[in-house]
Ligand SMILES: [Zn+2]
């Protein structure tokens, strides 16, 4: 689409990326702000997307031996205090419940009453409460491993929020596992990161890098944090999922001990791992364009919308009947293990307007059916990964046969596009001058999309990491697993010798 052409979303990505993002969330009908500051209402189209994410991931968790359980929303304050680093990491963003009753005051207004003996924290994450439970469950090596996941909501009191990317309350899953040995716990940590990578790439069509976080970016209380990192269309990084090797830190704090095979009392090894509704923010910023959302077919709330085009004087009933027949025909097909889902939009809304609504919502395929298509036994198809005016005519049987292949093509195309963008904006940088230029926008007042992933040497001194953060708001996104340690060079900041490159970027 040329620059002059009117786009469905205003501003465009180039004009104002953060505002474009908010407008896509709204125009795609995914979510809206709520009366509670920092908390969003996830609307049916957005929630359906989350349900598909959940179903896909849950299947992968089960296939790797995990089961689901549910733990309390509230955590006693004393539990959080057990792990020093953990409490420090979360203390500043906790919602605290101090009362359990409301009483009517003299002016009729409600006043909190019944002060709790011990305040309760609305879970920011559940290591401590789950740890206390596991301490009871685990007595012997025969009780291990414990491989449990929880789907839940959590609260982190955020000052600056953005729908899906950073909200005070969000939905997520948190896996919490207990193991007999350090090796086994490490294997679990890696395995779940691989599950996240596979899910992000195969379902969400988001290419990700995998690696380890530096100490400063680690989960509070973890020995090591592994992550998947993706590049958004403004070339910033988004941490899309993390898997933590907790060592024995939380097991010690919660008293998870077991009788070993040799009959000795030993402390267990634990892991935790999570992804959240942030993934939806990541999908928007990876795939959406200046006309709105683009849903990867594997998780799309629905695959196809049929839009009957009812012209004045045409046999409306016959066209609608034909549309239903086509829908029924397509619904017998499957895509990625799921029946192809079709919506027939019969609403009495102007056809052009209706079509654009679905463009903005990002449904993978739009099928127009008018009186002439009906006469010819045909359908008129538009793909969301192509321009809004590009349409192809098919005989209806041929379309039904082709549909799952077309969906797969869209899925692959979205992934490939994202990968090309990432590769084009990943640069090997060896000196601080080039590094600084790479991460400095031309317009400092209102920064344009700039930067990307800089692959540079780092001496592993936190002081150099800190300097880059202060100078340029750039951080080490990860120390990639697959980096070449024979690639020796000089730390991009201080010039000391370093082995292998790390990924630097600005991030969400
Ligand atoms: Zn250095």
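What follows draws every value from the coordinates through simple rules; no lab data is involved. Model, not experiment: these values are computed from the prediction. Because the Cβ atoms are built from the backbone with ideal geometry, glycine has one as well, and the counts that use them run over all protein chains shown.
Highest mean first, how do 335-343, 237-245 rank when packing is the count of other Cβ atoms within 10 Å averaged over residues?
Most protected by this proxy first, the peptides run 237-245, 335-343.
Scattering from the C-alpha atoms of region 75-194 alone, worked out with Debye: what is log10 I(q)/I(0) at q = 0.09, 0.20, 0.21 1/Å?
Values returned for q = 0.09, 0.20, 0.21 Å⁻¹ are -0.37, -1.24, -1.28.
Can you give the relative contact order of region 426-505 as a percent, counting alpha carbon pairs under 8 Å and 6+ residues apart? Each step should come with its number before you reach the end.
Numbers: 144 pairs, mean separation 28.3, N = 80.
Contact order relative to length: 35 percent.
What is the spread of the Cα atoms of region 426-505 along each of their three principal axes, largest first, in whole Å?
Projected onto its principal axes, the Cα set of region 426-505 covers 40, 23, 18 Å.
Considering only C-alpha atoms, what is the centroid distance from region 429-508 to region 4-23, in Å?
If you average the Cα positions of each part, the centres end up 29 Å apart.
What angle, in degrees between 0 and 90 and rounded to the nearest 10, separates the Cα long axis of helix 44-63 from the longest principal axis of the Cα atoms of the chain?
Roughly 50 degrees, rounded to the nearest 10.
Please list, by residue number, everything in region 93-136 whose backbone N is under 11 Å from a paramagnetic label point 7 Å out along Cα→Cβ of residue 78.
Residues 118-119 qualify, since their backbone N sits under 11 Å from the label point.
Test of understanding: what is the full-extension gain from residue 104 to residue 427, defined as 0.36 nm times their sequence separation minus their Cα-Cα distance? If you can, show how the numbers build up before the last one.
Details: separation 323, 0.36 × 323 = 116.28 nm, distance 6.32 nm.
Contour length minus Cα-Cα distance gives 110.0 nm.
In whole Å and largest first, what semi-axes does the C-alpha gyration tensor of the chain yield when each eigenvalue is scaled by 5 and square-rooted? Show your work: numbers first, answer last.
Details: eigenvalues 370, 179, 119 Å².
The answer is 43, 30, 24 Å, longest axis first.
So how far, in whole Å, is the C-alpha centre of region 368-384 from the one of region 210-245?
47 Å
Which peptide among 489-497, 91-99, 119-127 comes first, and what is the full order, when sorted by highest mean count of other Cβ atoms within 10 Å?
119-127, 489-497, 91-99
By count of other Cβ within 10 Å, fewest leading, how are 455, 192 ordered? Provide the component values of the computation, followed by the final result.
Values: 455 19, 192 28.
Least to most surrounded, the residues fall as 455, 192.
Post the alpha-carbon centroid distance, region 65-111 to region 155-172, in whole angstrom.
16 Å
What angle, in degrees between 0 and 90 and rounded to the nearest 10, separates the Cα long axis of helix 351-361 from the longest principal axis of the Cα atoms of the chain?
The angle comes out near 20 degrees.
Once the piece of chain linking residue 116 and residue 14 is laid out straight, how much longer is it, given 0.36 nm per residue of separation minus the C-alpha distance between them?
Working: separation 102, 0.36 × 102 = 36.72 nm, distance 5.18 nm.
Result for the pair: 31.5 nm of gain on full extension.
Could you please rank 483, 160, placing first whichever residue has the fewest other Cβ atoms within 10 Å of its Cβ?
Sorted ascending by nearby Cβ count, the order is 160, 483.
Determine the relative contact order of region 89-226: mean sequence separation of Cα pairs under 8 Å and six or more apart, normalised by residue count, in whole percent. Walk me through the numbers on the way to the answer.
On the way: 157 pairs, mean separation 24.9, N = 138.
For region 89-226, the relative contact order is 18 percent.
Extending each Cα 7 Å along its Cβ direction at residue 70 and residue 22, get the distance between those two points in nm, one decimal.
Going from the residue 70 label point to the residue 22 one covers 3.5 nm.
Helix 316-331 versus the longest principal axis of the chain: what angle, 0 to 90°, nearest 10, using Cα atoms?
40 degrees
Going by C-beta contacts inside 10 Å, put 143, 290 in order with the fewest on the left.
Values: 143 15, 290 19.
The most exposed by this proxy come first: 143, 290.
222 nm [θ] for the chain, helices only, -39500 (n - 2.57) per DSSP H run of 4+, per residue, to 500?
Numbers: 14 runs with 170 residues, N = 508.
The helix contribution divided over the chain gives -10500 deg cm²/dmol.
In whole Å, largest first, what are the principal axis extents of the Cα atoms in region 316-357?
35, 24, 11
In a Debye calculation with equal point scatterers on the alpha-carbon sites of region 283-381 and no solvent, what is log10 I(q)/I(0) at q = 0.15, 0.24 Å⁻¹?
Rounded to two decimals, the profile gives -0.62, -1.26.
With the contact rule set at Cα under 8 Å and sequence spacing of 6 or more, what percent relative contact order holds for the chain? Mind dumping the intermediate values first?
Details: 1026 pairs, mean separation 70.5, N = 508.
About 14 percent, as a whole number.
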